[in-house]
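What follows is a single structure, written as structure tokens, with notes after it.
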Amino acid sequence: MKKRLAMILALTLTFASMLAGCGGNEETSENTDGDKTETTAEFPEKKEGDTFTVGFDQNFPPMGFVGDDGEYTGFDLELAQEVCTRQGWEFVPKPIAWESKDASLNSGEIDCIWNGFTMNGREDEYTWSDAYLDNQQVFVVRTDSGIESEADLAGKIVDVQTESSAQAALEDNPELSGTFGNLQIVPDYDTAFMDLESGAVDAIAMDVVVARYQIEARDADFTVLDYEIASEAYGIGFAKGNEALRDVVQKTLEEMAEDGTMAEISTKWFGEDITTIGK
């Protein structure tokens, strides 16, 4: 019996040792009293030749989308490409499902979320760059709809993209959204604009930067209402604790702002420099 107990104890200790060795890329530290402290992830330093994978919504022009040539393009992606060029990294644009963005980031599938990503209300969820654009949430309607203010949306159907800042802003403003006939959640703004063009909905709640680009690109008779649902700032979201990579990207953006490259890219996409870094 004693031999059997000794064998069972030895097997148990061996198994526990094997489990302890399966820690991934995380460290658990102990304080002077031997108590466990919070587990923190490790982030390897980016070196020249390494990949830099940017997670983005491919249906979010002009920030990130599929161009007429079938290639990924957009304002945010051009900024990211320039950062990679200066750092000697290989730029990898990675389209993601917006509702799965956190899983993609935390699994290491992507290095950051860079896609008109609103910082407001998410300040503690990511390690952020400084804000590089200011933005507002607005309504887009057909010009001939007779809708001239937010009050005219009472009883109307409004589209909004799932997991978007516009959705969050409307959920935080039930006095307004409660007047709608229906608030429809759609997967992307391409769907929303098709709904608006067809008359299936009366309005879209969305980012003004994207709205103005979409209106010009579609050459459609749409209007942005003179009403601000909410204001916000765009930043680049890194995994919580990944300050080292954030700092490299931030410093490079500041250099791009100082030498005029950021203003050139902004003017290409928006007709003027609307960036905020260094201002």
Which of the residues belonging to region 167-189 are open to solvent by less than 30 Å² (accessible area, probe 1.4 Å), over 28 Å from Gln58 (Cα atoms) and of a type outside the set (Phe, Trp, Tyr)?
Leu176
Filtering region 199-223 down to residues that are β-branched (Val, Ile, Thr) and more than 23 Å from the chain's Cα centre (by Cα), which residue is least open to solvent (accessible area, probe 1.4 Å)?
Val201
Return only the number of the condition from (1) over 30 Å from Lys279 (Cα atoms); (2) in contact with a strand residue (DSSP E or B) (Cβ under 9 Å, 6 or more places away or on another chain) that Leu133 does not satisfy.
(1)
Among the residues of region 151-166, write down those that are open to solvent by 10 Å² or more (accessible area, probe 1.4 Å), closer than 30 Å to Ser100 by Cβ and at pLDDT 95 or above.
Ile157
State which residue is nearest to Asp207 (Cα to Cα) when the search covers only region 85-111 and only residues that are of a type in the set (Gly, Ala, Ser) and not in a helix (DSSP H, G or I).
Ala97
Suppose the filter is crowded, with 22+ Cβ neighbours inside 10 Å, out of contact with any Ser or Thr (no Cβ under 8 Å at 6 or more places or on another chain) and over 22 Å from Val66 (Cβ atoms); does Phe139 pass it?
yes
Given (1) closer than 28 Å to Phe43 by Cα; (2) touching a residue at least 60 places away in the same chain (Cβ under 8 Å); (3) not in a strand (DSSP E or B), Gly116 misses just (3)
Within region 85-96, is there a residue that is open to solvent by less than 40 Å² (accessible area, probe 1.4 Å) and under 16 Å from the mean Cα position of the chain (by Cα)?
yes
Considering only region 48-84, state which residues are out of contact with any Ser or Thr (no Cβ under 7 Å at 6 or more places or on another chain), free of Cβ contacts under 8 Å to residues at least 40 places away in the same chain and outside any strand (DSSP E or B).
Gln58, Asp68, Asp69, Gly70, Glu71, Leu77, Ala80, Gln81, Cys84
Search region 234-279 for residues being of a type in the set (A, V, I, L, M, F, W, C) and open to solvent by 20 Å² or more (accessible area, probe 1.4 Å), and hand back the single one that is farthest from Phe60 (Cα to Cα).
Ala244
Return the residues of region 233-265 that are under 30 Å from Phe139 (Cβ atoms) and either touching a helix residue (DSSP H, G or I) at 6+ places or on another chain (Cβ under 6 Å) or assigned to a loop (DSSP other than H, G, I, E, B) (or both); say none if nothing qualifies.
Met262, Ile265
Could you say whether any residue in region 128-141 is free of Cβ contacts under 8 Å to residues at least 40 places away in the same chain and not basic (Lys, Arg)?
no
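The values are calculated or read from the model by the stated rules, or taken from the named source; none is laboratory data. It should be emphasised that the depicted structure is a prediction, and the values quoted were computed from it without experimental measurement. We place every Cβ from the backbone using ideal geometry, glycine too, and count neighbours over all the protein chains shown. SASA here: full protein model, heavy atoms, side chains in, ligands and nucleic acids out. Shrake-Rupley method; radii C 1.70, N 1.55, O 1.52, S 1.80 Å.
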